[in-house]
Amino acid sequence: MSFNLIIDALKNPNGFFASNPLSLLCAAFATLFFVLIVVYSLKHMKGRKGVWRYYIYTIATYVSSLGVLFAANFLILLIFWGLLGLLLYLLIAFGRKEGTPATARKALIIVGATDVLLLFGIVLVWKITAGSSGLQGLFHMPITGMGIPLSGTASIIAYLCFASAAFAKAGAMPFHTWVPDTAENAPTPVTAFLPASLDKLLGIYLLARVTLDVFQMTPTMNTILMAIGSITIVAAVMMALIQHDLKRLLGYHAVSQVGYMVLGIGTGNPIGIAGGLFHMFNHSIYKSCLFLAGGAAERKAGTGNLAQMGGLVKAIPLVFVTFLIASLAISGVPPMNGFASKWLIYQGVITSGDSLWVLWLIAAMLGSALTLASFMKLIHAVFLGQPSEGVKKILADKKGKRTALSTAIPLVVLSTLCVGIGVFAWKIPFGQLFRPELSGPVDSPGIWQSGTATLMLIAGLVIGYLIYLAGTLKKARVVAPFVGGETLEDNPDMRVSGVNFYMTIKELGLLKGIYRWAEKKLFDLYVVAGKIFAGFGILFSFMHNGILSRYFLWFIVGLVVLCIVLI
Amino acid sequence: MISAGIVPLFVAIPLAGAFLIALFKKIKGIPDIFGVFASGSMFILSILFLLKMEITQRIVYNIGNWGGFNEVLGKIVGIQLVIDGLTIFMLLIVNFVAFIVAVYSVNYMTRYTQKWQFYCLFLLMLAGMNGVLITGDLFNLFVFVEIASLASYALVAFGTEKRELEASFKYAVMGGVASLLILMGVVFLYSYTGTLNMANMAEIMSGSEQPALIYLVFGLFLTGFGLKAAMVPFHAWLPDAHPSAPAPISAMLSGVLIKTLGVYAIARVFFTIFGFPHQISIILMTLGAMSMGVGALVALRQWDMKRLLAYSSISQIGYIMLGLGIGTPLGILGALFHLFNHSIFKSLLFLDSGAVEYAAGTRDLKEMGGLSRKLPVTSGSTLAGAMSLAGIPPFAGFWSKLIIIIAAVEANHMKLAAWAVLMSIVTIAYILKVTRFAFLGALKDRFVNIKEVPVLMRISLVLLALICIFGGLLLIPEARAAFLEPAVRVLISGMGGGV
């Protein structure tokens, strides 16, 4: 009996599920990440208590994300979407850092709050389109083909509700603050799976579907999206520059990159949207690679504090190579995949015709440059540079030199994809891939021949290396640092860890104030809203002073007011 | 199909149980067995009524066979007991929660002495609540409200420590005044209509033009029953009283008592007798919105687990009142469904708080931490209850909140819908405080040796948690038609006439 019901549901009789090219592609990527994360977890999560629950939650997360991707109506989408928030909470709780419980709560509050907004958005859309069709209408409201114009207040609020749900899931500002915290406090595979890859796919997927299928965008709304994207890019990368925890730094980059996707979708023209979606896939590849490699480095060094790492390249060369490739990709260095999609986004911004397009373009390019800068610091601090005392001990231990197979496989696969997609990107027919989402063909005004450029780049690198070999650089002298016999208390092993590379910008005029505010968490919506609500709470708490006569007074006042109102 | 003669059993069995427990208190085990069997048989009886009755059927029982006077005098003189869709709906909830609580108490109440007194008062309270639900007579309703209230005053003071006695005193004073106002309302109404039977009253009220006196009656009933339902600004007794009672009683008070004496009575009086006039709709929505806000915001600041849950009850009652106040079929459906869900998850959460207190000996969230490792069942069931309360899909509470918000939007109360959405967010924040501080993080040293609670307590927790997870299935058309629709229909059919 119930078995038949399940069969019927799988055969999809009531049209609960549907697919389109975008959701199929997202599902393919989700499957890829799921498999890689499980492989990685075999080593990373080994020996923890209750690890079977970890795998159950991971599988449930994967299934729920498929449910979101293939949902044919909003209610199905909402159910799986909400389930993902709960699973995120449960998965973060596997972390063993001090801040883990607070992070888990923060993540579920932010995601859960936007779930409620999503619900409100759905109800508003139902009211706008089919308000008279009753509950049944709501239960079968399709996601596609609505085309609601963003003219009335209700439709604008509905769109903003949807967008905030997508932003919170993907980690765009102003709902981003759970991402860096999660990166710092959750287990590495969880971070690599959810905030870095899967949640990006789902969030941007929802944003794309809602923007392109459900609503008709207006130029104003496009400008708002592009502004949010640009601010996210620059602000998050500025925060990344000054971090001193490996995974927290990566977490801020995960936020920054979402800005590009939002910017791309906000351009409203086919090439920009294609670029945004393409960037979403690329991002999830290199960012999960970065997190997994970073997690491996952290596990090796026993700490995530950049000041206590360094010189790990000798201990884990494979991890270093993959990390390097992924960080070149995230910085948008050609010919990696990150460049290919950023290139499309730049063209989209230029052709968008928005009056402020120069500003958005500068933000996007500046973001790329700053990303590169921050990764130079990171690679120096973690892999290159002089090893810290702790790392020296690890290097001395010959046994630990091999990277475990279950760690190596995901890293190699992901970094190969970074290069492969980048070099062959121009062969991917974007116009076909995202066809239903776009209103027209993708015509790229810019010229980029990936293959030729790659060859030229390789040639350049080879020539450079030859010059290095032939030149005098080889004769550089290596000596121990000498500071006049003084012992330095701040830096006992007398080395430059790289943590303070960009501390200067914290002292620059206007930025100084902004950074100080950011450190006080004045830009964290979660903290600010929490304070406001707590303020009201204090107000009402004062009124509950436990004195009977006071309570009695309210009672009488209530009675009198009610009688006056009624008569 | 079903004989009207068994209707009085809903009051008779718990009353007899209470009496017998007092009689056989010396024999070990008797209070437990009688308590569980009395509430269990009530639950089975309610299921029987649910299965056997037609959707629109109304079973009437004339106490002492006074119904004969109807033909002679043209009006009903004696007390009638009436069972309709709404009554069955409420009876099922009340007796189910009571049964679960009785099972839980077998283990839990070993913390206290004088267990027989507990079960005696518990069954007395149950008799009062069932009486409120089945009576068709307004004065009789008042009497049963008083029986249930008196039993609950005593139960709040059951610990007989300083705090419990203070809370019970406050509760008794406030509750006593509220009962007085209700009685005054009944008196005024009787003087106007000349009958105490609710069906007769409804006929008279729907006829002629109403005097201004009726509005005074509205005010008296709203205040009196509003206090029993703990609506803002009549809620102040609740945050003291509910945490002071033993955990199973907190579960009964928050889970079903405030709904039976408050929400059900308001719905019955204003829908069935007065035909739901427009002013009442606006007042219920306003008070509901206020309750939602005040309860949720103050709950955010609490560190005592049970006190937090008590404030949360005020906030959730606000949702139910909002749904009732909207007054559309959808709104009433949402309100009743939320009433059901709230009974389940709030009893569950209070029982969980009792389980934590039983195992770890504290209610202060700041002192807890990492308990999920030692108390897996308690932690898991708390999470299920919390998610249902927070309205995270696909847990049961999500569906009822969804319907209430839809109803508000459908009736064009956009601001109320937005307010309900905002307060849902606050709800998520405060309930996660419980799960985060109690169960996540590193286990504190003093809790290394604690054990999971005894088996009967675990069974009750798991049962309630399962309903929290799968409760949404009640919205499937077949289940809805059997369980929710008849109750909604009763309230809808009461509307239309009146002032």
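A few comments on the model shown:
- Counting the residues of segment A:80-128 that are of a type in the set (Gly, Ala, Ser), crowded, with 23+ Cβ neighbours inside 10 Å and within 9 Å of chain B (Cβ to nearest Cβ) gives 6.
- Taking residues in segment A:538-563 that are more than 8 Å from chain B (Cβ to nearest Cβ), and partners anywhere that are exposed (fewer than 14 other Cβ atoms within 10 Å of the Cβ) and among the acidic types (Asp, Glu), not one pair has Cβ atoms closer than 7 Å while being at least 6 places apart or on different chains.
- Considering (1) more than 24 Å from the chain's Cα centre (by Cα); (2) over 12 Å from B:GLY334 (Cβ atoms); (3) at pLDDT below 90, the lone condition that B:VAL409 does not fulfil carries the number (2).
- Being facing chain A (nearest Cβ under 10 Å), under 22 Å from the mean Cα position of the chain (by Cα) and at pLDDT below 90 is true of B:GLY391.
Residue-by-condition table, conditions (1) part of a helix (DSSP H, G or I); (2) outside the structural domain of A:LYS300 (by TED's automatic domain parsing); (3) free of Cβ contacts under 8 Å to residues at least 60 places away in the same chain; (4) within 24 Å of A:LEU277 (Cβ to Cβ):
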residue: A:CYS26; (1), (2), (3), (4): yes, yes, no, yes
residue: A:THR31; (1), (2), (3), (4): yes, yes, yes, yes
residue: A:PHE34; (1), (2), (3), (4): yes, yes, no, yes
residue: A:LEU66; (1), (2), (3), (4): yes, yes, yes, yes
residue: A:ILE79; (1), (2), (3), (4): yes, yes, yes, no
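- Checking each residue of segment B:249-262 against the condition of being buried (at least 24 other Cβ atoms within 10 Å of the Cβ), away from chain A (no Cβ under 13 Å), among the small types (Gly, Ala, Ser) and not in a helix (DSSP H, G or I) gives no match.
- Any hit, segment B:411-423, residues being surrounded by fewer than 21 Cβ atoms within 10 Å (Cβ to Cβ), of a type in the set (D, E, K, R) and part of a loop (DSSP other than H, G, I, E, B): no
- Residue in segment B:378-387 that is part of a loop (DSSP other than H, G, I, E, B) and either out of contact with any strand residue (DSSP E or B) (no Cβ under 6 Å at 6 or more places or on another chain) or surrounded by 24 or more Cβ atoms within 10 Å (Cβ to Cβ) (or both) present: no
- Some residue of segment B:167-186 being more than 14 Å from chain A (Cβ to nearest Cβ), over 17 Å from B:VAL263 (Cα atoms) and of a type outside the set (D, E, K, R): yes
- For A:TYR40: the one exception among (1) among the hydroxyl-bearing types (Ser, Thr, Tyr); (2) assigned to a helix (DSSP H, G or I); (3) more than 22 Å from the chain's Cα centre (by Cα): (3)
- For segment A:32-39, the criterion of being touching a Pro at 6+ places or on another chain (Cβ under 6 Å), within 18 Å of A:THR182 (Cα to Cα) and more than 10 Å from chain B (Cβ to nearest Cβ) is met by at least one residue.
- Cβ pairs under 7 Å, 6+ apart, first in segment B:285-303 and within 19 Å of B:TRP237 (Cβ to Cβ), second surrounded by fewer than 22 Cβ atoms within 10 Å (Cβ to Cβ) and acidic (Asp, Glu): none
- Candidate set: segment B:1-35, residues that are at pLDDT below 85 and touching a strand residue (DSSP E or B) at 6+ places or on another chain (Cβ under 8 Å); chosen: the one surrounded by the most Cβ atoms within 10 Å (Cβ to Cβ): B:ILE2
- Residue count for segment B:275-284, restricted to those that are crowded, with 24+ Cβ neighbours inside 10 Å and in contact with a Gly (Cβ under 7 Å, 6 or more places away or on another chain): 2
- Residue satisfying all of: in segment B:214-226; within 7 Å of another protein chain (Cβ to nearest Cβ) and under 19 Å from the mean Cα position of the chain (by Cα); surrounded by the fewest Cβ atoms within 10 Å (Cβ to Cβ) among these: B:THR223
- Here the condition is being among the hydrophobic types (A, V, I, L, M, F, W, C) and buried (at least 24 other Cβ atoms within 10 Å of the Cβ); of A:MET217, A:MET280, A:MET221, it holds for A:MET280 alone.
- Only one of the listed residues (B:ILE459, B:ILE450) is away from every other protein chain (no Cβ under 11 Å), of a type in the set (Val, Ile, Thr), part of a loop (DSSP other than H, G, I, E, B) and touching a helix residue (DSSP H, G or I) at 6+ places or on another chain (Cβ under 7 Å). That residue is B:ILE450.
- Number of the exception - B:PHE483 against (1) surrounded by fewer than 21 Cβ atoms within 10 Å (Cβ to Cβ); (2) within 12 Å of another protein chain (Cβ to nearest Cβ); (3) under 23 Å from the mean Cα position of the chain (by Cα): (2)
- B:GLY472 being within 12 Å of another protein chain (Cβ to nearest Cβ), surrounded by fewer than 24 Cβ atoms within 10 Å (Cβ to Cβ), within 25 Å of B:TYR104 (Cα to Cα) and under 20 Å from the mean Cα position of the chain (by Cα): yes
- Criterion (surrounded by fewer than 15 Cβ atoms within 10 Å (Cβ to Cβ) and either under 30 Å from B:GLN279 (Cβ atoms) or at pLDDT 85 or above (or both)) met by exactly one of B:VAL490, B:VAL434, B:VAL455, B:VAL499: B:VAL455
- Residue within segment A:259-266 that is crowded, with 24+ Cβ neighbours inside 10 Å, among the β-branched types (Val, Ile, Thr) and outside any loop (DSSP other than H, G, I, E, B) present: yes
The values are calculated or read from the model by the stated rules, or taken from the named source; none is laboratory data. What you are looking at is a predicted structure, and each value in this text was computed from that prediction instead of being measured. In this analysis, Cβ positions are derived from the backbone assuming ideal geometry, glycine residues included, and neighbour counts consider all displayed protein chains.
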